[in-house]
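The values are calculated or read from the model by the stated rules, or taken from the named source; none is laboratory data. All values reported here derive from a predicted model rather than from experimental measurement. Reconstructed Cβ throughout: ideal geometry from the backbone, glycine too, with neighbour counts over all protein chains shown. To get the accessible areas, we keep the full protein, side chains included, count just its heavy atoms, and leave off ligands, DNA and RNA. Shrake-Rupley method; radii C 1.70, N 1.55, O 1.52, S 1.80 Å.
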Amino acid sequence: MAAKHITVLATGGTIAGRGARGLGRAYVPGQIGIAEMAAEVRALGIDAELSSVDIAAIGSQDIGWTEWDRLYGYIKAALNDPGVDGIIVTHGTDSAEETALLLDLTLPADTPLVLVGAMRPADAVGSDGMRNFANAVRTASDPAAGGRGVMVVMGDQVFAASDVRKAATSHIDAFRGFPRGPIANVTPASLDWFGPPPRTGEGARFDWPQTLPQVDVLMAYAGMSPCTVDALLQCGATGLVLAGMGAGNAPGPVLDALADAVRGGVPVVRASRVDQGYVDRNLEVDDDARGFVAARSYGPAKARILLQLLIASGITDPLAMQVHFDRR
Ligand code: GLU
């Protein structure tokens, strides 16, 4: 079989980090050019042709609309190139789930697109970057990788963008999926999908927006004051995500302030600050009466991305928005 052609778009993060004195401390993300990494993978003998572009060299905590818009442009160009079989985006792990979901919701599901990062810089003891990158090449060049939407490869596992989240600050297996766990196990030499592609032929759910509206996340805590809601509205929020306690709860006065925001035309999505689990409608909070949307399986970071796309698409009716959160 002919070698697959993979376009690698680099944004930075620990996978390109260096300067660690071997202990993994005091390193700078985004130091290694993607051509250097591609050369190392070629040397491993993986049967794929890699072409690479450095889009940015930042920690992913600094990623935002400017980088996303640029990245999307390069991805569209690659998708329009019949010679490209798959795409890899190297990325910091902190906001990987946000970039992955944004792309998943705005791209067709058929071309394999894999986000990959690392928990340890390249020159730290036991660095995971090159292994994760080799696994990403293995995944993106697999004939059965299409029809699964955007994927994240970390720690010898493949996750779907809609499921994945960073669940630990420092382990090399820091990523988890909910409600599904990994959709495949991967090593540089093997790839085991747990089922057939579920989204073959599926088009993009949303058009790429002109820009993304300001949506802010507020975390609930015991004794929280409703002033936080007012402060965010004054700051220009056009949508709010509650990272609520438990199944999306907050003190009564905060819920009252959020319901006022809805009445004022600012959509509100209830998610949870808990690591995983569903936030369903009308459990302890009367979403019907207050006009809220329940985030279902999405955590606050993902709920924010979907809410941004909904507002950008002019979909702000709570029940119409709920359909998108229910669908995942
Ligand atoms: N905070 C940086 C980032 O997300 C480095 C951490 C990492 O890549 O794991 O890009």
Report whether or not residue 204 is open to solvent by 40 Å² or more (accessible area, probe 1.4 Å), part of a loop (DSSP other than H, G, I, E, B), touching a strand residue (DSSP E or B) at 6+ places or on another chain (Cβ under 6 Å) and of a type outside the set (Phe, Trp, Tyr).
no
If residue 145 meets every condition in (1) part of a loop (DSSP other than H, G, I, E, B); (2) touching a strand residue (DSSP E or B) at 6+ places or on another chain (Cβ under 8 Å); (3) open to solvent by 10 Å² or more (accessible area, probe 1.4 Å) apart from one, which number is that one?
(3)
Here's a check for you: in the stretch 123-142, which residue that is within 16 Å of the ligand (Cβ to nearest atom) and touching a Phe, Trp or Tyr at 6+ places or on another chain (Cβ under 9 Å) is least open to solvent (accessible area, probe 1.4 Å)?
124
Quick check on the stretch 274-283. Is at least one of its residues touching a Pro at 6+ places or on another chain (Cβ under 7 Å) and either open to solvent by 60 Å² or more (accessible area, probe 1.4 Å) or touching a residue at least 12 places away in the same chain (Cβ under 8 Å) (or both)?
no
Can you tell which of 66, 93 is within 15 Å of the ligand (Cβ to nearest atom) and β-branched (Val, Ile, Thr)?
93
Identity of the residue in the stretch 44-63, under 20 Å from the mean Cα position of the chain (by Cα) and either of a type in the set (A, V, I, L, M, F, W, C) or open to solvent by 50 Å² or more (accessible area, probe 1.4 Å) (or both), that ends up nearest to the ligand (Cβ to nearest atom)
61
Flag for residue 265 being part of a strand (DSSP E or B) and at pLDDT 95 or above
no
Is it the case that some residue within the stretch 148-160 is part of a strand (DSSP E or B), in contact with a strand residue (DSSP E or B) (Cβ under 7 Å, 6 or more places away or on another chain) and within 13 Å of the ligand (Cβ to nearest atom)?
yes
